[in-house]
Amino acid sequence: MKKLIALFVLLGVVLAMPSYAAGTAATPSLWESLRKKIEAMTPKKKLSTTTAAGGVRGTLADADDVYWKGESKAIDEDELAAFKKAMALVDAGNSAGAQAAFTDFIKQNPESPLRGDAEAALAQLKAGK
């Protein structure tokens with residue numbers, strides 16, 4: 001009976017190993033996840049006029065501060081272009097140029113939603129040096 005139980009435990013371990021190995025190998029790298037993230041972002045065009053309709057109680061707010069349900073992930077065109085330029089330098093293998101580009105991006109866009117990603121990319125580049 002003990003041999004039968006041991007056989008079933010061993011069989012379970014052997015059958016579980018391929019699924020465990022497949023789950024750990026599918027983790028994307030930082031660069032792959034950043035590429036997917038910037039592909040999903042939409043550049044926000046600068047408009048000369050802003051129109052909005054709605055009824056809001058309380059203090060006045062800028063049209064840019066209003067949250068719209070279902071709003072896409074929009075980012076300033078210049079910010080997105082600078083981040084893509086830094087990513088292109090990474091793809092080209094120019095680590096020093098990419099470090100400088102990500103550093104400039106962080107200095108020029110301190111409030112950007114991509115700031116955290118730029119800092120992570122910069123840390124990855126410095127660690128790989």
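FYI, it's all coordinate maths here, none of it is from the lab. This structure is a prediction, so every number in the text was calculated from the model and none was measured. All Cβ positions, even for glycine, are placed from backbone atoms using ideal geometry, and neighbour counts span all protein chains on display.
Compute the distance in nm between two label points, each set 7 Å from the Cα along the Cα-to-Cβ direction, one at residue 44 and one at residue 94.
Modelled inter-label distance: 2.9 nm.
Want the number for residue 27 to residue 2: 0.36 nm per residue separation, take away the alpha-carbon distance, what's left? Display every interim value, and only then the final one.
Working: separation 25, 0.36 × 25 = 9.00 nm, distance 3.87 nm.
Here the answer is 5.1 nm.
Sequence-distant or interchain residues sharing an amide H contact under 5 Å with residue 75, placed H: which?
42, 44
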